[in-house]
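The structure appears right after this line, and notes come after that.
The numbers here are math on the coordinates, done by the rules we state, and not lab data. Predicted, not measured: the structure shown is a model, and the values here were computed from it. Cβ placement follows ideal geometry from the backbone for every residue including glycine, while neighbour counts extend to all protein chains displayed.
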Amino acid sequence: MRTAGSPSTISNVINHIMSSVLFEIRDQIAFITLNRPEKLNAFNREMALLLQSRLDECASLHEVRAVYLTGAGKGFSAGQDLAEVVDPHGPPMSQLLAEHYNPIVTRIRNLPKPVIAAVKGVAAGAGANIALCCDVVVASASASFIQAFSRIGLIPDSGGTYFLPRLVGWQRASAIAMLGDKIVATEAERMGMIYKVFEEDVFEESSKKLAATMAALPTKALGFTKHALNYSAVNSFEAQLLLEDELQQKAAGTKDYAEGVQAFLEKRPAKFKGE
Ligand code: LHQ
């Protein structure tokens, strides 16, 4: 096990424990935990910037082959810390999307590795949309998703107006975004907003097992798949076919492709290395 920025001194240990974003790399998975449980992991500036830098580490570290994003305590994240927005010393409105949320969702979408959002408890506002922009979203049976923005006179941000209609269709997205109602995990799964719900008692084990499965897949091919899916939302059919061709050429140049074909021919399980 390796903990990036491993605490070596007592003050490092304290910093690590008190950090608003916990980070640990284990078995090729980067575990990122939003860690302000007393505020339902609401985002302040520190947490938003720390999450960005941890995502950058995930991108640059070869050993990381999947990211598992979750929240400490009983929730995933309640979105923006509303105490911070009225704090005269807090970041101005003009910084919140430009410096906090847009860079987070952009990093998640551009990270050429699978990001799994493991949502237990509530995911609200920007917290919901950060979860929903991940590649695979799983939730515990008691989890819920709330586009809380209209409740306080705002619009869905952090990519919400982009991802929601693509996930659940225009009509549902429109209603969910405007009403700001609570969508429970089973309903979110049914409407295609998330991938899967796990029962409470097996949630942690099952979601981590899923992350392990994804970390053992051909990482580069998953990165190319993600890239293609990103573009499928905006490309014409013809442009998408050309992109698939380009990315497939790249995938076919990986060691994992050679291993995958060889393993099939030898009738054995493939052992991918993410290369
Ligand atoms: C919180 C928060 C929170 C601070 C719970 N802040 N403390 C972009 C641009 C510009 C400005 C604003 O934001 C954005 C992006 C956004 O994310 S906008 C949406 C912001 N989020 C919300 O409006 C959600 C606010 N929270 C809630 O509605 C409820 O807390 C939910 C429905 C999420 C959960 O309800 P409960 O399970 O009943 O928990 P709770 O309300 O009792 O919260 C527990 C504690 O967490 C509580 O603190 P306390 O000291 O009283 O125990 C809350 O005050 C605190 N908390 N959300 N966003």
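When ARG36, ARG45, ARG109 are screened for being more than 13 Å from the ligand (Cβ to nearest atom) and not aliphatic (A, V, I, L, M), only ARG109 passes. Residue count for segment 145-170, restricted to those that are of a type outside the set (Val, Ile, Thr), assigned to a helix (DSSP H, G or I) and near the ligand (Cβ under 9 Å from one of its atoms): 3. Within 12 Å of the ligand (Cβ to nearest atom), of a type in the set (Ser, Thr, Tyr) and farther than 30 Å from ALA215 by Cα: does that describe SER142? The answer is no for SER142.
Against the list (1) more than 24 Å from LEU222 (Cβ to Cβ); (2) outside any helix (DSSP H, G or I); (3) within 11 Å of the ligand (Cβ to nearest atom), the condition ALA123 fails is (1). Just name the residue that is nearest to the ligand (Cβ to nearest atom) out of those in segment 55-105 that are more than 30 Å from GLU204 (Cα to Cα) and small (Gly, Ala, Ser). Only one residue tops the list, namely ALA83.
If you go through segment 118-150 and keep only what is over 19 Å from GLY180 (Cβ atoms), of a type in the set (Gly, Ala, Ser) and touching a residue at least 60 places away in the same chain (Cβ under 8 Å), you end up with ALA118, SER140, ALA141. Of the candidates ALA175, ALA221, ALA216, the single residue that is of a type in the set (A, V, I, L, M) and farther than 28 Å from ASN102 by Cα is ALA216.
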